[in-house]
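This report concerns only the one structure given below.
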Amino acid sequence: SFAGMAVTLICRVHRRAVCAPAFVCRCWQSKECISVILRYISDMKPDLLPPSLEDLTALAEQALETIPPALLRYTAGVAVLVEELPDDDICAELELDTPFDILGLYNGVPFGEREGGSVAQQPDMIFLYRRPILDYWCETGEDLGHVVRHVLIHEIGHHFGLSDDDMDRIENDRD
């Protein structure tokens, strides 16, 4: 039974522990593993399913509402999409060891680098990756809304042309 939230399940496919409450399993590299775990959980306690793509989208929308309007206006037209994992092309391009190595991605031309009056070939997009975010959430115990907001703001920083080093410096100066 699921008495309380401090439970551990065993992935029947890969024989690995799955942590609660998110039930995020590092061996979720196969759809077979995911379906076995989700079927098992939904049969036992349907309200303990991990947050869905729609749940993370709602958290991202809530996070956008907290950004000051003076900054938010410069993100008009930037699409925010929540996907399960980065695709194989992104993983190869970024030389990721696993798709869990990235929580989000900005894809577009940074705001300050656009040539005057030119229209972008493709719309600017921010991708939030559900399973890596849930994995991080499970490992750290941070509030999921805070994690989503942090990743979203980080990717918006890339939209403004800031590098990872720039954002690390800003965060360290804030602390």
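Can you run down the residue pairs with Cβ atoms below 7 Å, 6 or more apart or on separate chains, where the first is in the stretch 84-95 and within 18 Å of L134 (Cα to Cα) and the partner is among the hydrophobic types (A, V, I, L, M, F, W, C) and outside any helix (DSSP H, G or I)?
Listed by first residue and then by second, the contacts come to P86/I102; P86/L105.
Just a yes or no: is a residue in the stretch 81-93 surrounded by 14 or more Cβ atoms within 10 Å (Cβ to Cβ), in contact with a Cys (Cβ under 8 Å, 6 or more places away or on another chain) and modelled with pLDDT of 85 or more?
no
Hey, can you tell me all the residues within the stretch 53-100 that are of a type in the set (D, E, K, R) and closer than 15 Å to E155 by Cα?
E61, E83
One line per residue, one yes/no per condition, for (1) crowded, with 18+ Cβ neighbours inside 10 Å; (2) at pLDDT below 95; (3) in a helix (DSSP H, G or I):
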{"site": "D97", "(1), (2), (3)": "no, yes, no"}
{"site": "G112", "(1), (2), (3)": "no, yes, yes"}
{"site": "A120", "(1), (2), (3)": "no, yes, no"}
{"site": "P123", "(1), (2), (3)": "no, yes, no"}
{"site": "L128", "(1), (2), (3)": "yes, no, no"}
{"site": "R131", "(1), (2), (3)": "yes, yes, yes"}
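Looking at the stretch 142-163 only, could you name the residues that are in a helix (DSSP H, G or I), free of Cβ contacts under 8 Å to residues at least 60 places away in the same chain and within 18 Å of D124 (Cα to Cα)?
V151, H154, E155, G157, H158
Select, from E61, E65, E54, E32, the only residue that is of a type in the set (D, E) and at pLDDT below 55.
The match here is E32.
I'm told Y74 meets every condition in (1) in contact with a strand residue (DSSP E or B) (Cβ under 7 Å, 6 or more places away or on another chain); (2) touching a residue at least 40 places away in the same chain (Cβ under 8 Å); (3) surrounded by 12 or more Cβ atoms within 10 Å (Cβ to Cβ) except one. Can you identify the failing condition by its number?
The number of the failed condition is (1).
The values are calculated or read from the model by the stated rules, or taken from the named source; none is laboratory data. Remember, it's a predicted structure, so these values are computed and weren't measured experimentally. So basically every Cβ, Gly included, is an ideal-geometry build from the backbone, and we count neighbours across all protein chains shown.
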